[in-house]
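See below for the structure under consideration.
Derivation of every value follows stated rules applied to the coordinates shown; laboratory data play no part. No experiment lies behind these values; they were computed from the predicted model shown. All Cβ positions, glycine included, derive from the backbone under ideal geometry; neighbour counts span all protein chains shown.
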Amino acid sequence: MKIKGVIFDFDNTLINSSKTVDDANKLVLNKIQEDFETMDLKTFDSILEKTQEKFDRINPLKRYKRLFYELFAEESGLNIDTKKIDTYSEIFESHLINRMEFTEGVEEVLEGLKKMNLRIGILTGEGLYPGLKRRTLDKFDYNGKFDVKIIAMDNIPESKHDPDAFKKAAAMLELKTDEVLFIGDTPEIDIDNAKAAGMKTVLFDKYNEEKQKNSKNKPDFIIEDLRGIYRILDSLNQGLA
């Protein structure tokens, strides 16, 4: 079956979200150190880790903008009042939305896929809390090159942990799943579920190295540069009508 569409994961595929989050945390630390001179990097990292563990246990649909730093305040034992919580939350969110670091080659690849008359989509997870991922994607438009931008558990009810999310993404592109190539960075979510849905899969392995330890299935292809997609499409579509 000829590939007629490409669906991308978003975080750590189209953008280097890990670095963006790290940079946002550094900005928050700088502000906390202005407010509390006793706060050092080691202590901050320890509190951050414990806070993240608590945050991850909360249903994503029940999270909200201030929640992380409310938990951080509890974990730290510092006198972090509501005004400071609002300030830290705003610093973090603003950097996440407005200072994204795009993966090298993104613009070139999107232009190239459009010239090949392929349909293009994004299927991404629900984000840290409702609404944040939608605002982030609004900033990542690239002149409307995406035919669909899908947020799991937002504009579709399914989670990315469910192969039905991938099937629905293909349907929203008006394609069959075996006509779609999916590119993502997390084997146990992106690769396993895209393959279960019937898609060809590409593991984007630029930002992490031990990618396949939790994966049930091997990806069909592995790339470290998004521009490697051209070679893959040539291979899959060679000789097909």
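Considering only beta bridges that DSSP places wholly inside the chain, some 5 percent are antiparallel. As a rough guide to protection, the peptides 55-68, 221-234, 181-194 ranked by mean Cβ packing within 10 Å, highest first, stand as 181-194, 221-234, 55-68. Checked against a 30 Å cut-off, the cross-linked pairs LYS26/LYS206; LYS54/LYS176; LYS31/LYS139; LYS42/LYS139; LYS2/LYS218 give Cα-Cα distances beyond that limit for LYS54/LYS176; LYS42/LYS139. Computed from Cα positions, the angle between helix 67-76 and the longest principal axis of the chain comes to roughly 40 degrees.
Packing, taken as the mean count of other beta carbons within 10 Å per residue, orders the peptides 3-13, 166-176 from highest to lowest as 3-13, 166-176. Computed about its Cα centre, the charge dipole of the chain is approximately 840 debye, with only Lys, Arg, Asp and Glu carrying charge at their Cβ. The charge dipole of segment 18-98, taken about its Cα centre with unit charges on the Cβ of Lys, Arg, Asp and Glu (plus for the first two, minus for the last two), comes to roughly 340 debye. With each label modelled as a point 7 angstrom along the Cα→C-beta vector, the MET116-LYS42 pair spans 5.1 nm.
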